[in-house]
Amino acid sequence: MLTVYNTLTKRKEEFKPIVPSNVKMYMCGPTVYNYFHIGNGRSFVSADIIRRYFEYKGYNVKFVMNLTDIDDKIIKKAGEEKVETNKVTQKYIDAFMEDIAKLKVKKADIYPKATEHIEEIIKMIKTLEEKGLAYNVNGNVFYNVKMFNGYGKLSGKNIEDLESGARIEINEEKNSPLDFALWKKAKEGEPQWESPWGNGRPGWHIECSAMSCKHLGETFDIHAGGNDLIFPHHENEIAQSEGANDKPFVNYWLHFGFLNINDEKMSKSLGNFFTARDILKVYPAEAIRLLFTQTNYGGPLNFSEELLQSAKKGLEKLDNLKSKIDEAMKVEDSNQGVEFGFDKFYAAFEKAMDDDFNTPQAVAVVFDFVRECNKTIAETEKPGYKFYHLVKEFLTRTAEGVLGIMDFNTKESSGASLEKDLIEFLITLRLDAKKNKNYALADKIRNELNALGVELQDSKEKTTYKKIEAN
RNA sequence: GGCGCUGUAGCCAAGUGGUUUAAGGCGAAGGUCUGCAAAACCUUUAUUCGUGGGUCCGAAUCCCACCGGCGCCUCCA
């Protein structure tokens, strides 16, 4: 039984999709005015793993992620760079797609853009206006929060507390400070669209209501996003969608914990962030994902060089087994394999993931599995092709397929063939030296290669090498 | 002030009433293997889960109090 923690009910619940074996999932995507930081990356990876696990379980998943391509920050950026807003958004959409691919995040089925759904947005605002849930003041249209019964049910807030909170700027056009903009009146020189209320552009929250409705229906299974979107963004989405459609909006709300720096939220406004692309220049996606998966998606995670290093070290254990598998499958005979209890590892992995996507537990299962495999390989003369095949299959389905912490497709020694030939020549030289008990020369070759970033590993039959970071 | 999250070994972290005399990763120490290494494997590294009470046959897990950290309440994953 798959359970998920639902922010709406503050409980773990059994997951039951609306249509059996189908999952309709929406996630709030980026506002494309900048490169996303590794904290945003954590959310994308968390959602990716959830989506992949549903697919592992055999669900047919429709995954939609919006791209916010019109808002204040984009307009500001375009103004600074003296270009059209779509120049800015296109640049960062391209960058987003590149970075997400490097992080090994699977592409969404659809990436709807706000500017391409103006018609749907206007239609929804009109419905809200007709129902008395929205009001127009001089071309600005606001949502009338007090008219929506149940405002605050997601975030656990009530209207009175919020109103006395007094951190909301005073806007004379609003009936209540809590009311939020559905449609913003055009300012000169800014992007604008025609509407029943005059030229303008959509507010931030309405795009998610309009686009999720169009692509996933009035009620869908899962809506995900960072913790900081619970209020007001997701609360407002509920008000809009349920107000307009008179149907439950979303069955399960999932929220992701922040990535912290020194126990402080990583954020653009605090300036304490690293872009995902910069981190990816130094660390492989698998190491970053291993770090993320070693803690539950809902809690905070401190981000530091030290933790990334330790994740990277952990990754080596997986990669070493991978190399062993690849080597062995080249030479082992087919159809034979020692006994190995694969089933219990699959069961343990699924039990962990079924429990609200408990990836730390799932990762522990993978490491247990790796240790057992290494043990079997060490203790068995010839484990057999079939054994290696099944080991690879397990890791491909779990560590690679769901968690994304391994990659069996990357070629190991992808160096130029001259380089490869030279290394192999040196290994041959060294083996000769070893035969002649000339250990000084043998060690010299090994040390020199090591300093160049090539690590040699002797085994009984042969010497293999792998590339490491040069010191 | 309101709402929510959180405090487990040197570090990160799972576990939320008995199968846990507390997973997994990193680090550290010893060992097996090796000419020596590396890798791999084995052993050791929390009588204890922020502190103090309480409930229970039984608590890291439930309740109360206290102390500490963080977030949201304004754009933010």
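Filter region A:443-470 for residues that are acidic (Asp, Glu) and within 33 Å of the chain's Cα centre (by Cα); which is farthest from A:Arg430 (Cα to Cα)? Of everything passing the filter in region A:443-470, A:Glu469 is farthest from A:Arg430 (Cα to Cα).
Hey, could you check region A:17-68 for residues that are small (Gly, Ala, Ser) and surrounded by 22 or more Cβ atoms within 10 Å (Cβ to Cβ) and say which is farthest from A:Phe220 (Cα to Cα)? Per the stated criteria, the residue is A:Gly39.
With the requirement that a residue be in a loop (DSSP other than H, G, I, E, B) and more than 6 Å from RNA strand B (Cβ to nearest atom), what does region A:356-367 give you?
Quick first cut of region A:356-367, residues in a loop (DSSP other than H, G, I, E, B) only: A:356-358.
If the condition is that a residue be in a loop (DSSP other than H, G, I, E, B) and more than 6 Å from RNA strand B (Cβ to nearest atom), then A:Asp356, A:Phe357 are the ones that fit.
Checking A:Ile261 against (1) of a type in the set (A, V, I, L, M); (2) under 18 Å from A:Asn296 (Cα atoms); (3) surrounded by 21 or more Cβ atoms within 10 Å (Cβ to Cβ), which test does it fail? For A:Ile261, the exception is condition (3).
If a residue must be aromatic (Phe, Trp, Tyr) and either surrounded by fewer than 14 Cβ atoms within 10 Å (Cβ to Cβ) or away from RNA strand B (no atom under 15 Å from the Cβ) (or both), how many such residues does region A:368-386 contain? Quick ask: steps written out before the conclusion?
The first filter runs over region A:368-386 and keeps only residues aromatic (Phe, Trp, Tyr), leaving A:369, A:385.
So of that shortlist, the ones also either surrounded by fewer than 14 Cβ atoms within 10 Å (Cβ to Cβ) or away from RNA strand B (no atom under 15 Å from the Cβ) (or both) come out as A:385.
Qualifying residue count for the region: 1.
Checking the condition in contact (Cβ under 8 Å) with a residue 40 or more places away in the chain, crowded, with 22+ Cβ neighbours inside 10 Å and acidic (Asp, Glu), which residue from A:Asp109, A:Asp99 passes? Result: A:Asp99 is the single residue among A:Asp109, A:Asp99 that is in contact (Cβ under 8 Å) with a residue 40 or more places away in the chain, crowded, with 22+ Cβ neighbours inside 10 Å and acidic (Asp, Glu).
Going by the conditions given, is A:Arg397 touching a residue at least 24 places away in the same chain (Cβ under 8 Å), within 14 Å of RNA strand B (Cβ to nearest atom), surrounded by 12 or more Cβ atoms within 10 Å (Cβ to Cβ) and not in a strand (DSSP E or B)? It would help to see each step written out before you state the result.
Details: touching a residue at least 24 places away in the same chain (Cβ under 8 Å): yes; within 14 Å of RNA strand B (Cβ to nearest atom): no; surrounded by 12 or more Cβ atoms within 10 Å (Cβ to Cβ): yes; not in a strand (DSSP E or B): yes.
No, not satisfied.
The combined condition, being assigned to a helix (DSSP H, G or I), within 12 Å of RNA strand B (Cβ to nearest atom), touching a Lys or Arg at 6+ places or on another chain (Cβ under 9 Å) and within 30 Å of A:Ala101 (Cα to Cα), is not fulfilled by A:Val402. Go through region A:208-244 residue by residue and tally those that are modelled with pLDDT of 95 or more and aromatic (Phe, Trp, Tyr). Residues meeting the conditions: 1.
Residues in region A:282-329 that are part of a loop (DSSP other than H, G, I, E, B) and within 12 Å of A:Ile38 (Cβ to Cβ): A:Tyr283, A:Phe303, A:Ser304.
Filter region A:213-233 for residues that are closer than 22 Å to A:Tyr111 by Cβ and near RNA strand B (Cβ under 9 Å from one of its atoms) and give the result. Once the filter is applied, which keeps residues that are closer than 22 Å to A:Tyr111 by Cβ and near RNA strand B (Cβ under 9 Å from one of its atoms), region A:213-233 yields A:Ala224, A:Gly225, A:Gly226, A:Asp228, A:Leu229, A:His233. Scanning region A:280-325 for residues that are of a type in the set (D, E, K, R), closer than 23 Å to A:Asp263 by Cβ and more than 8 Å from RNA strand B (Cβ to nearest atom) yields A:Arg289, A:Glu305, A:Lys312.
Screening A:Ala328 with (1) surrounded by fewer than 18 Cβ atoms within 10 Å (Cβ to Cβ); (2) within 15 Å of RNA strand B (Cβ to nearest atom); (3) at pLDDT below 95 gives one miss only, at (1). Scanning region A:100-140 for residues that are of a type outside the set (Gly, Ala, Ser) and at positive phi returns A:Lys104, A:Asn138.
Exactly one residue out of A:Asn302, A:Asn251 is out of contact with any helix residue (DSSP H, G or I) (no Cβ under 6 Å at 6 or more places or on another chain) and either of a type in the set (Ser, Thr, Tyr) or modelled with pLDDT under 95 (or both), and it is A:Asn302. Of all the residues in region A:334-355, those that are touching a strand residue (DSSP E or B) at 6+ places or on another chain (Cβ under 8 Å) and near RNA strand B (Cβ under 9 Å from one of its atoms) number 1.
With the condition kept exactly as written, say whether any residue in region A:371-383 is in the same structural domain as A:Leu321 (by TED's automatic domain parsing) and within 28 Å of the chain's Cα centre (by Cα). So that I can check it myself, show each step before the final result.
Kept after step one, since they are in the same structural domain as A:Leu321 (by TED's automatic domain parsing), are these residues of region A:371-383: A:371-383.
From the residues that got through so far, the ones that are within 28 Å of the chain's Cα centre (by Cα) too are A:371.
Yes, region A:371-383 contains at least one residue that is in the same structural domain as A:Leu321 (by TED's automatic domain parsing) and within 28 Å of the chain's Cα centre (by Cα).
Quick one: which residue in A:Lys174, A:Lys153, A:Lys157 is within 13 Å of A:Glu235 (Cα to Cα), part of a loop (DSSP other than H, G, I, E, B) and at pLDDT below 90?
Numbers: A:Lys174 fails: within 13 Å of A:Glu235 (Cα to Cα); A:Lys153 fails: at pLDDT below 90.
Answer to the check: A:Lys157.
List every residue pair whose Cβ atoms sit under 6 Å apart, with the two residues 6 or more apart in sequence or on different chains, where the first one lies in region A:219-234 and is not assigned by TED's automatic domain parsing to the domain that holds A:Val45 and among the acidic types (Asp, Glu) and the second, anywhere, is more than 6 Å from RNA strand B (Cβ to nearest atom) and part of a helix (DSSP H, G or I). Short answer, once both residue conditions are applied: none. Among the residues of region A:445-457, some residue qualifies, meaning at least one is in contact (Cβ under 8 Å) with a residue 24 or more places away in the chain and either out of contact with any helix residue (DSSP H, G or I) (no Cβ under 7 Å at 6 or more places or on another chain) or near RNA strand B (Cβ under 9 Å from one of its atoms) (or both). What is the number of the single condition among (1) out of contact with any strand residue (DSSP E or B) (no Cβ under 6 Å at 6 or more places or on another chain); (2) under 24 Å from A:Asn149 (Cα atoms); (3) outside any helix (DSSP H, G or I); (4) away from RNA strand B (no atom under 16 Å from the Cβ) that A:Asn251 does not meet? Status for A:Asn251: all satisfied but (1).
Counting the residues of region A:340-354 that are in contact with a helix residue (DSSP H, G or I) (Cβ under 7 Å, 6 or more places away or on another chain) and touching a residue at least 60 places away in the same chain (Cβ under 8 Å) gives 1.
The values are calculated or read from the model by the stated rules, or taken from the named source; none is laboratory data. No experiment lies behind these values; they were computed from the predicted model shown. Counting neighbours? That spans all protein chains shown, and the Cβs are built from the backbone with ideal geometry, glycine included.
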